[in-house]
Amino acid sequence: MQGATTLAYEPLPAPTRLRFGADLPDPKFRAPVMRAGAVRRAGLLGRLEQESDRPLILLSAPAGYGKTTFLTQWAQEYGWPCAWLTLDGADADPGVLLDSITHAMTAIGAEPGLRRSFGLILDDAHVLPAAVLRDAVLDILGWLPAGSQLAVSSRCEPALALGRMRAEGVLSEVHSEDLSMSLGEATDALRRSGSGPRLTRARTLVHRAEGWPVALALAGAWARSPESSGSGTRLSGDDHVFAEYFRAEILASLPKELVRFLTRSSVLERLSGSLCDAVLGCRRSAAVLAQLARLNVPLCPLDSRHEWYRLQGLFREMLQTELRRSEPEVEAVLHRRAADWYRRAGDIDRALDHTTGAEDLNGTGELLWENLLAFLGRGRNDVVQRWLSGVSVEGFSGSARLALAAAHSNLSLGRVAVAEQWARYGAVRMSHVPEESGEAERAAVLIVDAWGARAGASNMGRAAAEAYDLLSDDSPWRASCCFLRGTAALLTGDEAEAERRLEEGAVRGAVLAPDAASLCLAQLAVAAGERDQMEAAADLAERARVVVAEHGLGATPASALVFAVGALAAMREGRVDEATAAAARCQTLLDPLDDSRAWFGAETRILLARVSLALGHVSAAREQLADASRLARRTADVVVFGRWFAAAWDQFDARAENALTGVGLLTNAELRVLRFLPTHYSFHEIAQRLHVSSNTVKTHVHAVYRKLDACSRSEAVAHATSAGLLGG
C-alpha cells in the first residue's frame, strides 16, 4: 500500500540539530523501508525509465498518493547510487539545506563537482518556502552531472518555471492521476492488506476511492470492519476512518477561510470561478480554486484550461457532512443559488439536482414541468423518476406542477392508473388557480384522461380536442393531442380526420416531442396498411423507427406500437429476421403494461398477431388475438376492432388448416431463402446475397417445397403468399 500505510521507519531520536552535524538523525538521509507486499508501480516506473534523459522529475500530488513509496521503488530499481533527503522545517534555512544536500550525497560517495551519475531525491519539498525550493532546484540542475536526475516530491506544485522546462524537455511530471492505482493494482493491494474482497466489491472500492492509494488503504480497513458487513452498508467519505484522515492531513494545514470555501462549495459537483462566486456569495473564486489546486487538496481539474474542477468523491462527502453539522441553515440556501445559476446557464439537469437538494418542491415542480417533454421525448424518463422518487405524497399534493409531472412520467411508463391518480392531485390544486393562468396544466389533465379513454374512443377524441384548444399554438404538447385525436378518429372509422390529425402531430412533434411524432407516424402506417398502400405503410413505419432510434425511445412502452408496425412492414417485404426481432421487442414492451390503456394494448396485439401468423407461429397469434379481444371490450365505440378481428380469424380459418401446418415448421434459414423466391435471382445469386453456398440454398429450397406442399418455385411462392409469408 502507498504512503505511510506501507512504509516502516526506524525510530527517530529527538531532533537536536540547528545546522548540519554528526548528530543529524540518520532516517532523514535514508529511503524508508517498504513493507512486504507493497504493490510495484510497473507502468509508471517504465515511463520514467523511458524519460531517463530528463534531469528533473517532479512529483506533485496531495497527501496519501504514495509519492514516497514510489520514489523508494524508483531508487531501488534504477540500479545506481541514489541520495535521499527527507526535508523538514530546519531546511527552510538555505545554509542548512545546503548542508543537508551535501550530507545526503556524501553518504553515497557523490559530491558536487564530480562527474559520476547518480540520483538525488528531495522528499516532502512542500515544507520549504517557495523561494528556497526554487533556488535550490535551479542550483542543483546547474551542477548536476550529465545522466543524473533530481527527483522532487511535493504536496503542492513548486513555484518553478514549469512551462519553460516542459518546452525544453528537461522535466518529467508525475501527478495524482499518474499515481492513482488501476483496478488490477488496487485489487492486488487490497488482497495483500488482508481485505480480500471479491472482484465485484473491489471494483466498488476502487471506484469510490478513485485510485487514491491512501483512500484504498482506508477502504480496505473499512472493508475489514464490522460495520461494513451489514446489508446495504455503503462506503462513504463521512465514515470516521476517512473523516479523521481528511481533517488531519488536509484540512488542518489550510487557513479557516479556505476550509469554509471547501465546505460550502461541497454542495457543487463541479466547481468554477463564476459558479462559486454566485453560490458562495464571494469574489475571485477562480483564484481560490487555482490556489487550492496547488495545495494539499484532492481537487482535480476537468478541462485543459483549468476553469472547472471536481473534488474527490469521498473527500466531498466528508465536507458535505461537515456543512450539515456546522451550518445546517446554509445548505438549502447554497443549493437554491446553485439551481438559479444552472437554470440561467441552461443546465436543467443540475438545476434540478440542486432544487431537490434544497428540498424546494415548488422549484422542482416548476423546472420539471417546464422541461418535462424534453426529458420524455428523448427517452430520459428514468432521470425524471429519480427526481420524483424522494418526494412524499404530501409534497405532490402541495404542488400542481409536480403532481402533473409525476402523472405524465408514469403515463410514459404505461402506468395509466397511477398517472390518473396524480392528475387528480394536480386538478385539485389547479381548482384554486385562475383559469387563464393554468390552461397548459388543465390540458395536461385532459391528455391523461384521453390516454385512458375510459369513456370510449369518441370521448377520447373530445378530451384531446379540448386540451388542444387550451394550449398555445407553439406548445409541444399539441403533438400528443394530435396523436390522441387522430387515433380516436381512426378507431371510430373516420380515416380522413385521422390522417389529417396524425400528419399534423408528426410535424409538430418532429423537434420538441419526438415520442409523440413517432407514434403519429406509426399510426399513419396502420392507416396506410388498411388502405392496402403497402409502400407508404413501410415508409411510415421506417420513419417512426428512425425517430425512436435517434431519440433513445426504444425502452418507452408506447414505442411498442412503433415496433409492431415495423415488424409487420418487415414481414410484408420478406425481411424475416428484422420482423422477428421487432416483434420480440414489441412483446417485451407490452408485457409489463397494465390494462388501463386498453385500446392501445388491443391495437398493438392485433398487429402483433398478424406478424405471428405470417411467421407461422399459430398458437402465439391466437393468444395475442385472445388478449386483444379481452382488452377491446373495455373501450366503447371502437368500430375498427370488429373488422380487424374478423379479418384475422378469417385468416386462421382459411389458412391454418393447410399451408400453415407446414409453414409453422419452416426454420429461420428457410424463411430467409423463401423471401428471394419471388425474385429473378438464381440460386447462385441468392447464395451470394445470403453469404452461404449454392448447395445450402438448394437444400433450404427443397425443404420449403416439401413443407409448403409445392412442386415448383412458382407454386411455392403462391402457397407462401396465401399463407401470409409473402406480400400482403
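Summary table
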| read-out | value |
| --- | --- |
| Residues of the stretch 104-138 classified as acidic (Asp, Glu) and modelled with pLDDT under 90, total | 1 |
| Flag for residue 345 being hydrophobic (A, V, I, L, M, F, W, C) and surrounded by fewer than 20 Cβ atoms within 10 Å (Cβ to Cβ) | yes |
| Test: residue 216 is open to solvent by less than 10 Å² (accessible area, probe 1.4 Å) and either more than 30 Å from residue 347 (Cα to Cα) or modelled with pLDDT of 95 or more (or both) | yes |
| Test set (1) among the basic types (Lys, Arg); (2) modelled with pLDDT of 90 or more; (3) within 30 Å of residue 544 (Cβ to Cβ) - residue 350 fails condition number | (3) |
| Residue that is nearest to residue 125 (Cα to Cα), among those in the stretch 28-51 that are surrounded by fewer than 20 Cβ atoms within 10 Å (Cβ to Cβ) and of a type in the set (Lys, Arg) | 30 |
| Close pairs (9 angstrom Cβ cut-off, 6 or more residues apart or separate chains): β-branched (Val, Ile, Thr) in the stretch 572-591, surrounded by fewer than 21 Cβ atoms within 10 Å (Cβ to Cβ) anywhere | 576/668; 576/672; 576/675; 580/668 |
| Hits in the stretch 246-267 (condition: free of Cβ contacts under 8 Å to residues at least 24 places away in the same chain, among the hydrophobic types (A, V, I, L, M, F, W, C) and surrounded by 16 or more Cβ atoms within 10 Å (Cβ to Cβ)) | 251, 259 |
| Failed item, numbered, when residue 54 is tested on (1) open to solvent by 20 Å² or more (accessible area, probe 1.4 Å); (2) in contact (Cβ under 8 Å) with a residue 40 or more places away in the chain; (3) outside any loop (DSSP other than H, G, I, E, B) | (3) |
| Selection count where residues are open to solvent by 20 Å² or more (accessible area, probe 1.4 Å) and among the aliphatic types (A, V, I, L, M), scope the stretch 466-493 | 1 |
| Residue within the stretch 605-616 that is outside any helix (DSSP H, G or I), open to solvent by less than 60 Å² (accessible area, probe 1.4 Å) and on the phi > 0 side of the Ramachandran plot present | yes |
| Helices (runs of 4 or more DSSP H) (entirely within the stretch 239-309) containing at least 1 residues that are touching a strand residue (DSSP E or B) at 6+ places or on another chain (Cβ under 7 Å) and at negative phi | 256-265, 285-294 |
| Residues within the stretch 66-86 that are open to solvent by 10 Å² or more (accessible area, probe 1.4 Å), within 30 Å of residue 210 (Cβ to Cβ) and either part of a loop (DSSP other than H, G, I, E, B) or among the charged types (D, E, K, R) (or both), tallied | 3 |
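Listed here are the residues, each with its yes/no results for (1) within 19 Å of residue 604 (Cβ to Cβ); (2) modelled with pLDDT of 85 or more; (3) over 46 Å from the mean Cα position of the chain (by Cα).
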site	(1), (2), (3)
629	yes, yes, no
633	yes, yes, no
650	no, no, yes
653	no, no, yes
662	no, no, yes
667	no, no, no
681	no, yes, yes
691	no, yes, no
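Results for (1) in contact (Cβ under 8 Å) with a residue 24 or more places away in the chain; (2) within 24 Å of residue 644 (Cα to Cα); (3) in a helix (DSSP H, G or I), shown as yes or no for each residue.
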site	(1), (2), (3)
450	yes, yes, yes
461	yes, yes, yes
483	yes, yes, yes
493	yes, yes, no
502	yes, yes, yes
518	yes, yes, yes
525	yes, yes, yes
528	no, yes, yes
536	no, yes, yes
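The values are calculated or read from the model by the stated rules, or taken from the named source; none is laboratory data. A quick note: this is a predicted structure, and the numbers were derived from the prediction, not measured. Cβ atoms come from the backbone with ideal geometry, glycine included; neighbour counts cover every protein chain shown. Quick note on the areas: whole protein, heavy atoms, side chains included, nothing else; ligands and nucleic acids left out. Shrake-Rupley method; radii C 1.70, N 1.55, O 1.52, S 1.80 Å.
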